[in-house]
Amino acid sequence: QVQLVESGGGLVQSGGSLRLSCGASRSIFSIFAVSWYRQAPGKQRELVAIITSDGSTTYADSVKGRFTISRDNAKNTVYLQMNSLKPEDTAVYYCKATPGGTWGQGTQVTVSS
């Protein structure tokens with residue numbers, strides 16, 4: 001199993017930016033894809049972005065053009081740069097490795113209007 005740790009959440013005003021980090025304890029990104037998910041209160045967890053082992057990226061339509069997923073192999077970290085944040089982006093954000101990853105605690109992102 002692969003356990004990742006999320007960090008970087010916080011409170012930001014609408015239109016602001018945050019960068020989330022997803023850290024691994026060892027070098028895994030050449031083998032595993034990493035996905036960012038989010039879950040807002042009362043809603044199902046949804047996929048936000050994916051970066052595959054070869055570096056390809058995919059985004060949910062709701063975040064295209066605003067969010068960027070990237071990784072730093074030397075730091076064993078995947079990032080989610082979030083710009084032009086909206087109140088509807090408020091959620092707990094999780095990262096997960098595929099295959100075999102487990103859910104972490106997540107990091108709370110709150111966007112005020």
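Has region 73-84 got at least one residue that is loosely packed, with under 13 Cβ neighbours inside 10 Å, modelled with pLDDT of 95 or more, among the hydroxyl-bearing types (Ser, Thr, Tyr) and not in a strand (DSSP E or B)? Checked region 73-84: no residue is loosely packed, with under 13 Cβ neighbours inside 10 Å, modelled with pLDDT of 95 or more, among the hydroxyl-bearing types (Ser, Thr, Tyr) and not in a strand (DSSP E or B).
For region 7-49, enumerate the residues that are hydrophobic (A, V, I, L, M, F, W, C), under 23 Å from Pro87 (Cβ atoms), out of contact with any Leu (no Cβ under 6 Å at 6 or more places or on another chain) and open to solvent by less than 70 Å² (accessible area, probe 1.4 Å). Listed by number, the residues that qualify are Leu18, Ala40, Val48, Ala49.
Scanning region 23-78 for residues that are free of Cβ contacts under 8 Å to residues at least 40 places away in the same chain and of a type in the set (Ser, Thr, Tyr) gives Thr52, Ser53, Ser56, Thr57, Thr58, Tyr59, Ser62, Thr68, Ser70. Could you run through region 4-38 and say how many residues are of a type outside the set (Val, Ile, Thr) and under 12 Å from Lys96 (Cβ atoms)? Adding up the residues that qualify gives 10.
So that you can scan it fast, the table gives a plain yes or no per residue for (1) acidic (Asp, Glu); (2) within 18 Å of Gln3 (Cβ to Cβ); (3) more than 11 Å from the chain's Cα centre (by Cα):
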| site | (1), (2), (3) |
| --- | --- |
| Phe67 | no, no, no |
| Asp72 | yes, no, yes |
| Met82 | no, no, no |
| Leu85 | no, no, yes |
| Cys95 | no, yes, no |
| Ser113 | no, no, yes |
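The values are calculated or read from the model by the stated rules, or taken from the named source; none is laboratory data. Note that this is a predicted model, so its numbers are computed, not measured. Every residue, glycine among them, receives a Cβ derived from its backbone with ideal geometry; neighbour counts consider all protein chains shown. Protein only, heavy atoms only, side chains kept; ligands, DNA and RNA dropped before computing areas. Shrake-Rupley method; radii C 1.70, N 1.55, O 1.52, S 1.80 Å.
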